[in-house]
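For reference, the structure is listed below as C-alpha cells.
The values are calculated or read from the model by the stated rules, or taken from the named source; none is laboratory data. Please read these numbers as outputs of a predicted model, since none were measured by experiment. We place every Cβ from the backbone using ideal geometry, glycine too, and count neighbours over all the protein chains shown.
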Amino acid sequence: MKHIFNRSFEGFKVSIATPRSLPNPSSLEGRVVVLDLAFAHSKPSGKYPSVTHKLIDKLGDRLALFLDHHDSEFHADFIDNPRFILATKSEHGACPEMITPTIVAQIEQVDTILCHGDFDGLASAAKWIRGGYEPYPGCDHDAWCVDTRLSSPSKLGQVMDRALRADYRDPQIKEKVLLLLLSKGLDSDLLRELEKVGEETKALEEGADFLAQGYISLSEKVVFVDVRDAQMNFDKTHLLLRGQELAKIAVLLDADSATFAAPFNSGVNFLKLFQVSGGMPTVLSLPPHRLRGALVQLGIPSAEARMLSRGTERELSRR
C-alpha cells in the first residue's frame, strides 16, 4: 500500500503515507508540501540512501517545503536548502507547532499536502489548510502530548488519537479525523462516531494497564514484561509507556519480537547500542532470539538474561 488516500479537502489534495511506504511522486498534483514524514533510514532505493531522498529528487522543483521533527542524520544533506525546515524531537515534540502563518504565506501556492497518518500528521495538514492557524485552540499542545506521550491531551485530542489507534490502516477514520479538525472540533456527529471507534482502543489500554502489573525490575534503569502468554488484547505502545513510568527503559517480549523503548528525550540510542541500522533511536524491536544478548548489553547478568529469554532460541530453530 503506497499511500492511504489522496483526496480533496477545501481546495487541497491531501495524501497520507508512512515514512517507509511513500506514493509515486507522479500521483501527487502540482506543488507539494511534505509534513511529519521522517526519513526512512533503513530503506535505500537504488542510488538513493533512502526512499525519502528518492521522493525529494523526483518531486524536483514541485517540492515547495519539507517540514519534519524526527531525529535523522540525513538532515545534514539538506541543511543549506531553504525548502527544508528540519528539527529534532527534543526541539519540537510535534510538527504542528512548527507551522506558522508566516511560513504558509511564504510558500504561497500549494496543491498537495503529503503527511503522516497519525494525529500529529493530520493536525499538521489541517493547520496548513487553515493558513498556519490551529484548527482548534490547544491543537498544537494536543499533538505535542500525543506524539511525546509526556502529558495527556484534551478530551477532544484524546478522542481523535484513540480513534486513529483503533485501526491505523483505516482511511475512513483518518478522513473523519481530518474533517473534524477542519470543523474546529465542532462537528458533533463526527465526534460521536470517533468516540465510538475509540472505545476499542480504550479497552486495549485497559488490557495494557492490567498487564503492566507484570513488569519486573531488572536494574535501576530497566524493567521487563513477558506477554507471550497473555490471554487478552492490549495496546502495545500503552504498555511500553507504563513501563517507562517505572524505569528509563521498558522491555516487552511477545511472540513476535522483543521491543525496547525509552522516552524520546532520554538520551538512549538503541540503534547504536545494538548496532542496528534504521528506525527510531528510542524505540526498537528485535527478533526474540536476540533478547538475551540485548539484555546483557543493557547490563543485565547473563544468567538472568538467559532465564528471561527462555524458549526464544527454540522458537528460532523451529522457523
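At a glance:
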{"read-out": "Subset of region 152-174 (residues that are surrounded by fewer than 18 Cβ atoms within 10 Å (Cβ to Cβ) and not small (Gly, Ala, Ser))", "value": "LYS155, ASP167, TYR168, ARG169, ASP170, PRO171, GLN172"}
{"read-out": "Matching residues, region 212-233, being of a type outside the set (A, V, I, L, M, F, W, C) and surrounded by fewer than 20 Cβ atoms within 10 Å (Cβ to Cβ)", "value": "GLN213, GLY214, SER217, SER219, GLU220, LYS221, ARG228, ASP229, GLN231, ASN233"}
{"read-out": "Condition met for ASP209 (charged (D, E, K, R), closer than 30 Å to LEU295 by Cα, exposed (fewer than 15 other Cβ atoms within 10 Å of the Cβ) and over 19 Å from the mean Cα position of the chain (by Cα))", "value": "yes"}
{"read-out": "Hey, SER219 assigned to a loop (DSSP other than H, G, I, E, B), within 20 Å of the chain's Cα centre (by Cα) and closer than 30 Å to SER90 by Cα or not", "value": "no"}
{"read-out": "Listing of strands (runs of 3 or more DSSP E) fully contained in region 8-111 that carry 3 or more residues being in the same structural domain as THR148 (by TED's automatic domain parsing) and crowded, with 19+ Cβ neighbours inside 10 Å", "value": "12-17, 32-35, 63-68"}
{"read-out": "Matching entry among ASP71, ASP36, ASP111, ASP61 (being acidic (Asp, Glu) and at pLDDT below 95)", "value": "ASP71"}
{"read-out": "Restricting region 236-259 to residues that are among the small types (Gly, Ala, Ser) and not in a helix (DSSP H, G or I), the residue that is nearest to ARG306 (Cα to Cα)", "value": "ALA258"}
{"read-out": "Whichever residue in region 127-158 is out of contact with any Gly (no Cβ under 6 Å at 6 or more places or on another chain) and of a type in the set (A, V, I, L, M, F, W, C) and, among such residues, is farthest from LEU35 (Cα to Cα)", "value": "LEU150"}
{"read-out": "Of all residues in region 112-128 being out of contact with any Ser or Thr (no Cβ under 8 Å at 6 or more places or on another chain) and within 19 Å of GLN172 (Cβ to Cβ), the one that is surrounded by the fewest Cβ atoms within 10 Å (Cβ to Cβ)", "value": "ASP118"}
{"read-out": "SER188 being among the hydroxyl-bearing types (Ser, Thr, Tyr), modelled with pLDDT of 95 or more and in contact with a helix residue (DSSP H, G or I) (Cβ under 9 Å, 6 or more places away or on another chain)", "value": "no"}
{"read-out": "Criterion violated by HIS41 - all others in (1) within 19 Å of ASN6 (Cβ to Cβ); (2) touching a residue at least 40 places away in the same chain (Cβ under 8 Å) satisfied", "value": "(1)"}
{"read-out": "Hits in region 13-57 (condition: among the aliphatic types (A, V, I, L, M) and within 18 Å of HIS70 (Cβ to Cβ))", "value": "ILE16, ALA17, LEU22, VAL33, VAL34, LEU35, LEU37, ALA38, ALA40, VAL51, LEU55, ILE56"}
{"read-out": "Some residue of region 270-290 being surrounded by 17 or more Cβ atoms within 10 Å (Cβ to Cβ), in a loop (DSSP other than H, G, I, E, B) and hydroxyl-bearing (Ser, Thr, Tyr)", "value": "yes"}
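One line per residue, one yes/no per condition, for (1) in contact with a Lys or Arg (Cβ under 9 Å, 6 or more places away or on another chain); (2) in contact (Cβ under 8 Å) with a residue 40 or more places away in the chain; (3) not in a loop (DSSP other than H, G, I, E, B):
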{"site": "ALA123", "(1), (2), (3)": "no, yes, yes"}
{"site": "GLY157", "(1), (2), (3)": "no, no, yes"}
{"site": "LEU164", "(1), (2), (3)": "yes, yes, yes"}
{"site": "GLU175", "(1), (2), (3)": "yes, yes, yes"}
{"site": "LEU211", "(1), (2), (3)": "yes, no, yes"}
{"site": "PHE234", "(1), (2), (3)": "no, no, no"}
